[in-house]
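A short write-up of the structure that comes next.
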Amino acid sequence: MKIAVAGGTGLVGKFAVTAAENRGHEVVSISRRNGIDLISGEGLAEALNGVDVVIDVTNKTTLSAKAARKFFSTVTDNLLSAEVQTGVKHHVALSIVGIDEIDDGYYAGKLEQERTIQKGTIPYTIARSSQFHEFVTQQLQSMPGPIALLPKCLMRPVAAREVGQHLVDIAEGKPLKRATDLVGPRNEVLADLARRQIAFDGLKKLVLEFPLPGVFGRGMASGDLRGKGETIVGKTTFDDWLESPDHQNPPQ
Ligand SMILES: NC(=O)c1ccc[n+]([C@@H]2O[C@H](COP(=O)([O-])OP(=O)(O)OC[C@H]3O[C@@H](n4cnc5c(N)ncnc54)[C@H](OP(=O)(O)O)[C@@H]3O)[C@@H](O)[C@H]2O)c1
């Protein structure tokens, strides 16, 4: 099977590319670093030549609902148009567990992405996962200095490596519209994870937790992001992940 990973140079994208290659698939990695900007869409149809399935794990880091909606709808529109043109049979997109009632901030972009896919003509699977273990690093890196001010966030983190493998499982199957949500093995709290990671790494940084106001902040603190109902549960706990090469020497 020929699989294109849009965002294949990103955190979860690298794991999806590796998982697909290890299973013998031909893989095309699409990103600006690889010469294709999904906002302009230039060169995209050529890159999708002969591709059976597209896995979309692109990302824009923003808390602005407007910017997030614009990014995810433009990227999705451009991908879907090129997929129609080139005969792609299945569009797989990674979204986030529990965001239905949090149509605000970054999550507004993810919901817009889901709606754009649902309106299109390409058979699709929207696969939602909970926050990655690596989300803690992403948050800490955005706050250099001796203090990290983190929003109250109830989560159930999962290893990005397992998410990448899950996306390839889905790409190998039939379009499902919605896949069963993938979550991690334990309920956690962001600030507590950050304190454990800082202690594990032997760093000195004070973590303070605050309730982020607004729909987005209340959503993070609500527990919705942990998922409910039927879920697929990842194996790697946060503490296992801390000791793993994925934390010690993350793939470059
Ligand atoms: N982080 C989490 O905890 C979490 C949890 C659940 C779901 N997700 C979802 O997982 C997805 C991937 O997240 P991530 O943290 O792995 O992302 P990431 O590390 O920030 O990687 C983003 C990828 O998108 C590419 N990209 C960005 N803008 C592009 C553009 N204009 N044209 C082409 N490629 C572009 C980047 O490559 P270039 O910079 O080279 O273009 C990179 O390969 C997101 O959609 C996110 O919502 C994340």
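So which of Leu203, Leu140, Leu154 is out of contact with any strand residue (DSSP E or B) (no Cβ under 7 Å at 6 or more places or on another chain), surrounded by fewer than 22 Cβ atoms within 10 Å (Cβ to Cβ) and within 20 Å of Trp241 (Cα to Cα)?
The match here is Leu203.
Do we have Leu208 as more than 20 Å from the chain's Cα centre (by Cα) and exposed (fewer than 12 other Cβ atoms within 10 Å of the Cβ) here?
Yes; evaluated as a whole, the condition is true for this residue.
Evaluate the range 67-74: report whether one residue or more is among the polar types (S, T, N, Q), in a helix (DSSP H, G or I) and in contact with an Asp or Glu (Cβ under 6 Å, 6 or more places away or on another chain).
Yes - at least one qualifying residue is present in the range 67-74.
Identify all residues within the range 2-46 that are within 16 Å of the chain's Cα centre (by Cα), among the hydrophobic types (A, V, I, L, M, F, W, C), within 8 Å of the ligand (Cβ to nearest atom) and closer than 21 Å to His90 by Cβ; write none if there are none.
Ala6, Val12, Ile30
Would you confirm, using the coordinates I've provided, whether Ala221 is without any contact (Cβ under 8 Å) to a residue 60 or more places away in the chain and surrounded by 15 or more Cβ atoms within 10 Å (Cβ to Cβ)?
So Ala221 does not fit the description; no.
All but one of (1) surrounded by fewer than 19 Cβ atoms within 10 Å (Cβ to Cβ); (2) under 27 Å from Asn249 (Cβ atoms); (3) not small (Gly, Ala, Ser) hold for Lys14; state the number of the condition that does not hold.
Exception for Lys14: condition (1).
Looking at the range 18-44, which of its residues are in contact (Cβ under 8 Å) with a residue 40 or more places away in the chain and outside any loop (DSSP other than H, G, I, E, B)?
Hits for the range 18-44 are Thr18, Ala19, Ala20.
Which one of Thr125, Thr137, Thr121 is touching a residue at least 12 places away in the same chain (Cβ under 8 Å), within 11 Å of the ligand (Cβ to nearest atom) and hydroxyl-bearing (Ser, Thr, Tyr)?
Answer to the check: Thr137.
Test each condition in (1) surrounded by fewer than 21 Cβ atoms within 10 Å (Cβ to Cβ); (2) more than 14 Å from the chain's Cα centre (by Cα) for Phe135 and report the one that comes out false.
Phe135 satisfies every listed condition except (2).
Values in this text are rule-based calculations from the coordinates and carry no lab data. Just so it is clear, the model here is predicted, and its values are computed rather than measured. Cβ: placed from backbone, ideal geometry, glycine included. Neighbour counts: every protein chain shown.
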